[in-house]
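Student: The structure that follows is given in the form of structure tokens.
The values are calculated or read from the model by the stated rules, or taken from the named source; none is laboratory data. Nothing here was measured: the structure is a model prediction, and the numbers come from that model. Here the Cβ positions follow ideal geometry from the backbone for every residue, glycine too, while neighbour counts run over all protein chains shown.
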Amino acid sequence: MAASIAEAARKHPAPEGIVYTYGTAGFRTKADVLDSVLARVGLIASLRSRALKGKWIGVMITASHNPPEDNGVKLVEPMGNMLQEEWEVLSTTMANKATPEDVAEYYNELAAKFKIDLSTPARVVVARDTRASGSRLLGCLVDGLKAAGAEYKDFGFFTTPQLHYVVRSLNTEGTKDAYGVPTEKGYYEKFGAAFKNALKGKKPQGSLTVDGANGVGGPKLTELIKYLPTKEEGGLEIHVVNDNVIKPESLNVDCGADYVKTNQRAPPTSKVGPNDRCCSLDGDADRVVFYFKDSSNVFHLLDGDRIATLVASFLGDLIRQSGLADAITIGVVQTAYANGAATNYVEQTLKLKVDCTPTGVKYLHHAAEKLDIGVYFEANGHGTVIFSPDTLDTINKHEPRSPAQKEALDVLRATVELINQAVGDALSDLLLVEVVLAHKSWGVEEWLGTYTDLPNKLTKVIVSDRNIFKTTDAERKLVKPDGVQKQIDAEVQKVRQGRSFARASGTEDAVRVYAEAATKAEAEDLARKVASIVEAAGAKK
Ligand code: G16
């Protein structure tokens, strides 16, 4: 075995001078320097599966919202969660081993450390997004898997959430927690049926135009539509745009959730009419943001904060109407990027508890797991809802005391099915939003009318080493470089309702700066000032 491990590492040598890190969403960088990482991820995935007695582990090849020339890889735990933190560190160490012999030695060291029986079967599910580099990188990954003697299933092109779904379904098949049929068709059937049941006869108003970011989400949504009720059957009319996966260089370019959220504007190709509902996915379809233009052609964004508030209020209503208010509580998890007005709305109007975590779905997911019902969304549109096992039990066993309670309980149970609890899923999330709007008989204007966002600006600063920027307090304050936070605080003081923070991105080589204030001009000015503070600090040696 040691010989085959070293051989796989030798076939894909690590380029000199690059330090790899398993970051916010796995390894992510320029695709042409990832071959060695993929082969080694194959080894790590095999070890992880063996450490868990042969449970299926997922490996997704994607760089999500990043530009087409980037790629990346992330590992998925058996229940569809993100990789355990301890194993992120081990993956980083493995990726940075210099020689093939070092790789083989570390492989054996890990096996010894975790008392892994190397004759236990290793099972790995792999999939990728539509990037041009994906097929080459898959080859490298497979070399690693074969060297470690793993059994693997290749699902080809998948959205990231589809991979999470299949991993969880494979590991729960035949148990009381069975999540679904572990195939692509099983995914469509589960969410298609749940959508129909959750609508319960309510009809979505108007149509929805979905921008697929020219990534894998477009064709997969087109497939999912075949499993949804048609407009004539009381379903939703969906138009898929920006679904050109034949031209991978167009991925995320002038379209997609990150473009819309960061630029606060619709993709230039957008041709919809006033008040028409639109949404944009990202490159691997785990994020979604909604938006529309009003009759004066003014753009309005309905981002992850809006989805969280909409869904939390809907679930709150269903819980009350089902007669479960005394048994189940709901909480909302956000990051520092959440608009101050959204946080206020959740606390003051919905009267729900808000937790704030660092960026990265794994942090939000962990916080949400501590709640009965945890609604977690990053402002960028990444999120879902999770229900604790006790809560699911309570919902399943509850006996309604009136027809009205039964009605609400039926919708609640179908909504639980509609939510991809393994991970934030743009396709499941967009159907969920449509269900809520249909039940409330709301269009985008009513949704927008729930509260008024504070004007805000998100910007990126390129510095020579982003790793010198260290934060605390869920990334809301910088502790390093010295003195920088004081300068930021001084600028924040000068504007009304000002708030700003800077943090190193975990997926791009940049420091992100967020600012909000009472007016657009003040928010933009604050962002500019904080960006120049960061730029100056980043330039110092
Ligand atoms: C990934 C993470 C998200 C995070 C985003 C940006 O998203 O999964 O949790 O918000 O990166 O992170 P950062 O600001 O650290 O670059 P995706 O959709 O790119 O996988």
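Student: Looking for whichever is farther than 22 Å from GLY212 by Cβ, in contact with a Phe, Trp or Tyr (Cβ under 8 Å, 6 or more places away or on another chain) and surrounded by 24 or more Cβ atoms within 10 Å (Cβ to Cβ) here; the options are SER46, SER91. Which one fits?
Tutor: SER91
Student: For region 475-491, which positions are of a type in the set (A, V, I, L, M) and surrounded by 17 or more Cβ atoms within 10 Å (Cβ to Cβ)?
Tutor: Of everything in region 475-491, those that are of a type in the set (A, V, I, L, M) and surrounded by 17 or more Cβ atoms within 10 Å (Cβ to Cβ) turn out to be LEU478, VAL484, ILE488.
Student: Determine whether VAL240 is of a type in the set (Val, Ile, Thr), away from the ligand (no atom under 15 Å from the Cβ), part of a loop (DSSP other than H, G, I, E, B) and not assigned by TED's automatic domain parsing to the domain that holds GLY383. Reasoning before the result, please.
Tutor: Numbers: of a type in the set (Val, Ile, Thr): yes; away from the ligand (no atom under 15 Å from the Cβ): yes; part of a loop (DSSP other than H, G, I, E, B): no; not assigned by TED's automatic domain parsing to the domain that holds GLY383: yes.
So VAL240 fails the test.
Student: Can you find a residue in region 27-41 that is away from the ligand (no atom under 16 Å from the Cβ) and within 19 Å of the chain's Cα centre (by Cα)?
Tutor: no
Student: A further question follows. For region 469-483, enumerate the residues that are under 30 Å from the mean Cα position of the chain (by Cα), more than 16 Å from the ligand (Cβ to nearest atom) and not in a strand (DSSP E or B).
Tutor: Selection gives ASP473, PRO481.
Student: Among the β-branched types (Val, Ile, Thr), away from the ligand (no atom under 16 Å from the Cβ) and free of Cβ contacts under 8 Å to residues at least 40 places away in the same chain, is that true of VAL411?
Tutor: The answer is no for VAL411.
Student: Something else now. Provide a single number: the residues in region 120-163 that are in contact with a strand residue (DSSP E or B) (Cβ under 9 Å, 6 or more places away or on another chain), in a helix (DSSP H, G or I) and not basic (Lys, Arg).
Tutor: Count: 11.
Student: Here's another thing I want to ask about it. Is it fair to say LEU458 is assigned to a loop (DSSP other than H, G, I, E, B) and within 23 Å of ILE307 (Cα to Cα)?
Tutor: It is false that LEU458 is assigned to a loop (DSSP other than H, G, I, E, B) and within 23 Å of ILE307 (Cα to Cα).
Student: Given (1) among the hydroxyl-bearing types (Ser, Thr, Tyr); (2) buried (at least 22 other Cβ atoms within 10 Å of the Cβ); (3) not in a strand (DSSP E or B), where does TYR291 come up short, assuming only one miss?
Tutor: Of everything listed in (1) among the hydroxyl-bearing types (Ser, Thr, Tyr); (2) buried (at least 22 other Cβ atoms within 10 Å of the Cβ); (3) not in a strand (DSSP E or B), TYR291 misses just condition (3).
Student: Something else about it: Go through region 506-529 and give me each residue that's surrounded by fewer than 21 Cβ atoms within 10 Å (Cβ to Cβ), touching a helix residue (DSSP H, G or I) at 6+ places or on another chain (Cβ under 7 Å) and of a type in the set (Gly, Ala, Ser).
Tutor: Listed by number, the list holds a single entry, ALA510.
Student: Of everything in region 357-407, what is surrounded by fewer than 21 Cβ atoms within 10 Å (Cβ to Cβ) and on the phi > 0 side of the Ramachandran plot? Give them in sequence order.
Tutor: Once the filter is applied, which keeps residues that are surrounded by fewer than 21 Cβ atoms within 10 Å (Cβ to Cβ) and on the phi > 0 side of the Ramachandran plot, region 357-407 yields only GLY360.
Student: Name the single residue, out of those in region 504-516 being within 7 Å of the ligand (Cβ to nearest atom) and touching a Ser or Thr at 6+ places or on another chain (Cβ under 7 Å), that is farthest from GLN485 (Cα to Cα).
Tutor: Of everything passing the filter in region 504-516, THR507 is farthest from GLN485 (Cα to Cα).
Student: Same structure, new question: Determine, yes or no, whether VAL444 is away from the ligand (no atom under 14 Å from the Cβ), farther than 29 Å from GLY26 by Cβ and in contact with a Phe, Trp or Tyr (Cβ under 7 Å, 6 or more places away or on another chain).
Tutor: So VAL444 passes the test.
Student: Would you mind finding the one in PRO78, PRO121, PRO67, PRO100 that is at pLDDT 95 or above, closer than 25 Å to PHE158 by Cβ and in contact with a Lys or Arg (Cβ under 6 Å, 6 or more places away or on another chain)?
Tutor: Details: PRO121 fails: in contact with a Lys or Arg (Cβ under 6 Å, 6 or more places away or on another chain); PRO67 fails: in contact with a Lys or Arg (Cβ under 6 Å, 6 or more places away or on another chain); PRO100 fails: closer than 25 Å to PHE158 by Cβ.
Checking each option against the conditions leaves just PRO78.
Student: Right, next: Of the residues that make up region 335-345, is at least one more than 19 Å from LYS261 (Cβ to Cβ), away from the ligand (no atom under 16 Å from the Cβ) and assigned to a loop (DSSP other than H, G, I, E, B)?
Tutor: No, region 335-345 has no match at all.
Student: Which residue, of LEU324, LEU318, LEU310, LEU352, is of a type outside the set (Ser, Thr, Tyr), more than 16 Å from the ligand (Cβ to nearest atom), under 30 Å from SER402 (Cβ atoms) and in contact with a Gly (Cβ under 7 Å, 6 or more places away or on another chain)?
Tutor: So the residue among LEU324, LEU318, LEU310, LEU352 that is of a type outside the set (Ser, Thr, Tyr), more than 16 Å from the ligand (Cβ to nearest atom), under 30 Å from SER402 (Cβ atoms) and in contact with a Gly (Cβ under 7 Å, 6 or more places away or on another chain) is LEU352.
Student: Here is a further query. Being at pLDDT 95 or above and either over 21 Å from LYS440 (Cβ atoms) or surrounded by fewer than 21 Cβ atoms within 10 Å (Cβ to Cβ) (or both) narrows it down to one of VAL210, VAL240, so name that one.
Tutor: None of the others qualify; the one that does is VAL240.
Student: Tally up the residues in region 375-399 that are within 10 Å of the ligand (Cβ to nearest atom) and either acidic (Asp, Glu) or touching a Ser or Thr at 6+ places or on another chain (Cβ under 6 Å) (or both), please.
Tutor: The initial filter retains those residues of region 375-399 that are within 10 Å of the ligand (Cβ to nearest atom), namely 378-383.
Restricting the remaining residues to those that are either acidic (Asp, Glu) or touching a Ser or Thr at 6+ places or on another chain (Cβ under 6 Å) (or both) gives 378.
Residues in region 375-399 being within 10 Å of the ligand (Cβ to nearest atom) and either acidic (Asp, Glu) or touching a Ser or Thr at 6+ places or on another chain (Cβ under 6 Å) (or both): 1 in total.
Student: Going residue by residue through region 413-421, is there one that turns out to be over 22 Å from the mean Cα position of the chain (by Cα) and not hydroxyl-bearing (Ser, Thr, Tyr)?
Tutor: yes
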